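Since the structure comes first, as structure tokens, the remarks are kept for the end.
What follows draws every value from the coordinates through simple rules; no lab data is involved. None of the values given here were measured: they were computed from a predicted structure. Backbone-built Cβ (ideal geometry, glycine too); neighbour counts: all protein chains shown.
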Amino acid sequence: MKHAFQLLSASLLAACLASCASLLAPPVQPGEAESEVIARLGKPTHTYKDGQERLLEYMQGPFGQMTYMARIGADGRLKSYEQVLTSQRFASIKPGEVRKEDVLKTVGAPSLIQHFSATGLEAWSYPYKEDNAWDSMMTVYFDQAGVVRKLENGPDPRRMGNDNPKD
């Protein structure tokens with residue numbers, strides 16, 4: 001009985017270590033074929049054409065705070081795979097210069113779209129983990145021609161607690 005218990009314990013330990021190792025390993029590697037990427041990651045939430053390359057978008061995470069983009073080269077192989085909802089990526093979106101199509105290729109699809117008839121602006125909201133610490137919401141505003149007019153960052157209202165309960 002003692003031998004069976006030791007064997008079972010060793011098997012469970014090996015299984016746990018193997019699953020931890022697979023969680024820590026990158027899910028895909030540059031050079032893999034697009035079909036391999038899709039087989040490992042599943043169907044993308046969206047796909048975009050960027051010149052001769054394709055972008056496979058994978059939205060995920062709590063409250064949609066993470067979006068990964070797999071860039072597939074003209075040769076059908078993975079060039080890069082990265083989390084795109086970051087302050088650096090949002091900073092590359094320049095008002096007056098960038099259009100909706102560019103925003104989609106930069107940070108992917110928004111979690112929420114709102115229209116403001118008084119201003120004629122359309123707002124795309126992206127919840128993200130700012131600096132890997134704060135639950136934030138970046139909102140990108142477009143004019144009627146689809147050009148970015150402004151960006152607005154603040155705390156994600158869905159993640160804010162009620163610090164002032166009513167009496």
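The label point for Gln88 and the one for Ile38, both projected 7 Å from the Cα toward the Cβ, are 3.0 nm apart.
In this simple spin-label model, placing a label point 7 Å from the Cα along the Cα-to-Cβ direction at both Arg149 and Arg99 gives a separation of 1.8 nm.
Size descriptors for segment 27-159, from the alpha-carbon set: Rg then Dmax equal 15.3, 49 Å. Between Phe116 and Asp50, the FRET efficiency from the beta-carbon distance, with R0 = 35 Å, is close to 0.75. Relative contact order for segment 27-159: 18 percent, from Cα pairs under 8 Å spaced at least 6 residues apart, divided by residue count.
Peptides 102-115, 38-51 ranked from most to least packed, by the mean per-residue count of other Cβ atoms within 10 Å: 102-115, 38-51.
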